[in-house]
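To start, the structure under review is shown below, and the notes come after it.
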Amino acid sequence: MAHRELLARHRSVMPKWLALYYEQPIEIASAQGRRVTDREGRTYLDFFAGILTNAIGYDVAEISDAVRSQVDTGVLHSSTLYLIKSQVELAEKIAKLSAIPDAKVFFTNSGTEANETALMLATQHRRSEQVLALRNSYHGRAFATVAITGIRGWSASALSPIKVSWVHGGYRYRSPFRDLSDADYIKACVADLREIIETTTAGDVACMIVEPIQGVGGFATPPDGLFGEFKKVLDEYGILLVSDEVQTGWGRTGEHFWGIQAHDVVPDAITFAKGLGNGLAIGGVVARPDLMDCLRANSISTFGGNPLVTAGALASLNYLLEHDLQANAAKLGSRLLDGLRAVAAAHPVVGDVRGKGLMIALEFVGPDGAPNPAAAAALLEETRERGLLVGKGGLYGNVIRLAPPMTLTRAETEEALEILTQSIEAVAKEVQQQ
């Protein structure tokens, strides 16, 4: 079936607000390694990995075999009313990796549901519906997670079950504190946090939720140590810290397994999803035991942590650890950052190159430094024409996001750099002619 025909059918039965990439959207029909092939037979190097979800790549034998083995048992589902060995084994690994003392784990079906669960736990534990969140944040598409999403384009409703106060710090490039040194930037953001608590809350705030690197917000990357300093203030008020690691977890940032570790702090809870399942639908919360056990009512998860997805996720996590993909992300991410910064230096249309590991962003700007979403959209099309799939995001839709599978090779890194260089040059030329 041609893409055009499928697009017409999609538009007739799917919501208008369900976004699609590209002027001529594509269907991915098959994949292997780091490459995907669309329904019309064209193959691309994938540098967005299903929104950072296919963290280990495609058609990985160890993962596929684990899923097939579970399918062969005939047990695809049993619910959390029954013991599930792979669920327990996966929870044990995640609890240990979290560095949270005596941690407990609850599995969900997505990052949205994981963040909803964390909010439920924090508000119950603190008996407060007040929450601190960062400007330019994204935490999901459900009722409470939309409320703590600090990007208007992704906030579908002003209605909310919680009271949110917004704090500076995540998005440095357009921050009023952007020209300060790292140390002074952190001091300014900490002072803002304290003032927000003192002036916009009743003091008994449930939690603060942060993304160590803001995903949908354009891979906005604050200075290392910021959230460690935030935690000192939060501790004065008994406020919990939740680290949303849906995009930054599993070693993607290269230097650390969890993004929050760059800030020399252990949070009270970590939410996760995406890369853990390498395409299988799984998320969850890992938290200190008193927080996880604070609910006073029965609760289950019908599909969360089911036998099929936990078998696949356990195989994915084992593969990631055994092949030290975190180190690979650090090494190749450094090469990408260096190469892209060299290109950006010659083309002012790229205002900022940022990120860590295999989580890198290019922010496109106009001559006056204003956001340039048209240039980002043009880059998205240019890279696709040259055989590379990338992502887009940012508060103003002017950021290109790069997040390939963590099994990326050096040769593929150089291939992507060449395509990105050519594409940036083409966009820069187009902008000059306008």
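The values are calculated or read from the model by the stated rules, or taken from the named source; none is laboratory data. Every value quoted in this text rests on a predicted model; they were computed, and no experiment measured them. With ideal geometry, Cβ positions are generated from the backbone for all residues, glycine too; neighbour counts draw on all protein chains shown.
Annotations
- Residues of the range 397-434 satisfying the condition of being surrounded by fewer than 20 Cβ atoms within 10 Å (Cβ to Cβ) and part of a loop (DSSP other than H, G, I, E, B): 397, 409, 434
- Residue 39 fulfils the conditions (1) in contact with a Leu (Cβ under 8 Å, 6 or more places away or on another chain); (2) under 25 Å from residue 245 (Cβ atoms); (3) basic (Lys, Arg); (4) surrounded by fewer than 20 Cβ atoms within 10 Å (Cβ to Cβ) except for a single criterion, (2).
- Qualifying residues in the range 239-254 (those that are hydrophobic (A, V, I, L, M, F, W, C) and in contact with a strand residue (DSSP E or B) (Cβ under 7 Å, 6 or more places away or on another chain)) - the one surrounded by the most Cβ atoms within 10 Å (Cβ to Cβ): 242
- Scoring residue 211 on the criteria (1) in contact with a Leu (Cβ under 9 Å, 6 or more places away or on another chain); (2) among the charged types (D, E, K, R); (3) farther than 17 Å from residue 166 by Cα; (4) buried (at least 24 other Cβ atoms within 10 Å of the Cβ) leaves a single failure, condition (3).
- Tabulated pairs, the range 115-130, first on the phi < 0 side of the Ramachandran plot, second surrounded by fewer than 21 Cβ atoms within 10 Å (Cβ to Cβ) and of a type in the set (D, E, K, R), C-beta under 6 angstrom, 6+ apart or interchain: 123/129; 128/204; 129/163; 130/163
- The set of residues from the range 276-305 being assigned to a loop (DSSP other than H, G, I, E, B) and among the small types (Gly, Ala, Ser) comprises 279, 281, 297, 299, 301, 304, 305.
- Only one of 411, 416, 378 that is more than 15 Å from residue 48 (Cα to Cα) and touching a residue at least 24 places away in the same chain (Cβ under 8 Å): 378
- Cross-chain or 6+ apart pairs with Cβ under 6 Å, the range 274-286 first and at negative phi and modelled with pLDDT under 95, then surrounded by fewer than 24 Cβ atoms within 10 Å (Cβ to Cβ) and of a type outside the set (D, E, K, R): none
- Residue in the range 86-108 that is at pLDDT 95 or above, crowded, with 22+ Cβ neighbours inside 10 Å and over 24 Å from residue 256 (Cβ atoms) present: yes
- Look at the range 191-219: where a residue is farther than 30 Å from residue 350 by Cβ and a partner is of a type in the set (Ser, Thr, Tyr) and buried (at least 24 other Cβ atoms within 10 Å of the Cβ), sitting 6+ places away or on another chain with Cβ atoms under 9 Å, you get 209/137; 209/243; 209/271.
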